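Read-outs: derived from the displayed coordinates by stated rules, not from any lab. Since this is a predicted model, take the numbers as computed values, not measurements. Every residue, glycine among them, receives a Cβ derived from its backbone with ideal geometry; neighbour counts consider all protein chains shown.
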Amino acid sequence: MAITKEYLGKDISDVIHTSSVHQHSDTAYAMLQDFHIGYLTKTQRGTKETEAPGSELLAQKKWKEEEIVDWSKPMLVQVHRVGNLYDQWIHVPVDKELRLFESNFMEFFSKSPWWVVPSVWVPVILYILYMSVFGGPSVMPWIPETPRLTYVEVFCYASAGILLWTLIEYSLHRFIFHAIPPSSSRFLMTMHFMLHGQHHKVPMDPFRLVFPPVPAAIIVAILYFPAQHFVPLSIGRALLAGGLIGYVCYDLTHYYVHHGTPTPKSYFASMKSYHMAHHYRNHNRGFGISSKLWDVILDTVLH
């Protein structure tokens, strides 16, 4: 708001097109059409008569939003109607209120404010770190208890877990969240929209930026419990604690790059620009959110 205050009632065409101030994609301009309320007078607008940015993208759309979905109704039961246009549709973002479920109970657990993530997972991480050092039986009774770890060993394995998380973060985002579900499968389209499609459709919804604890716990269980068969229990716990630390940092970073105001030229300012470019310029590159590490290694950096 502070950035735009000095331009109230003025033509901002030159400012908004100046890359030194901020670069806006056609997608971002198209999204701004929802807030269009009229034009300044010709005197106020200056002498330039150019087509509104984003209009070309809007012209390429093969649908009208209100013709294929009803935003006043739960989206999961109707998202399959988008059919072959699904991938294009979710990547033309809107600023609307999204409801997924008819049930208030289910809808409640589909959303999460950012502070729920550290509130739920920090105590879990501390408990797992404690168990890594002081030991304790596994929740899976057939997994034998193993020798306890020293503090140095816990630190090393937890650090490895954080690094492992960065690969999981990248892999989930690139290969699962950005897989294109077949239009013939209502189930896969619905699941994809619930997992990630909704975020690209309504990227600024503050309650759909971090993973709600229930689906997050399910993903943790799917990844962790099979791994207990391949690594000693104490090492597995330290790796899990590190992975969860990485996950919490990822989710909080994701929220911050959407709604925070980082210090200019800081690391988070760089990641904010990078992630916004993923949303509004090229969703097929730039899959790292907490870091660009695996984008660099696997050649998917978004320039």
* Given Lys64/Lys272; Lys201/Lys272; Lys10/Lys64, the pairs whose alpha carbons are separated by over 28 Å -> Lys64/Lys272; Lys10/Lys64
* Asked: When you count, for each residue, the other Cβ atoms within 10 Å and take the mean per peptide, how do 245-253, 216-224 rank with the highest first?
  -> 245-253, 216-224
* Most positive-pole-ward Cα, Ser270, Ala221, Ser234, against dipole of region 218-303 from beta carbon charges -> Ser270
* Using a simple spin-label model with points 7 Å from Cα along the Cα→Cβ vector, what separation in nm is obtained for Ala160 and Tyr127? -> 2.5
* Förster radius 22 Å - calculated FRET efficiency between Leu223 and Glu153, Cβ distance, rounded to 0.05 -> 0.50
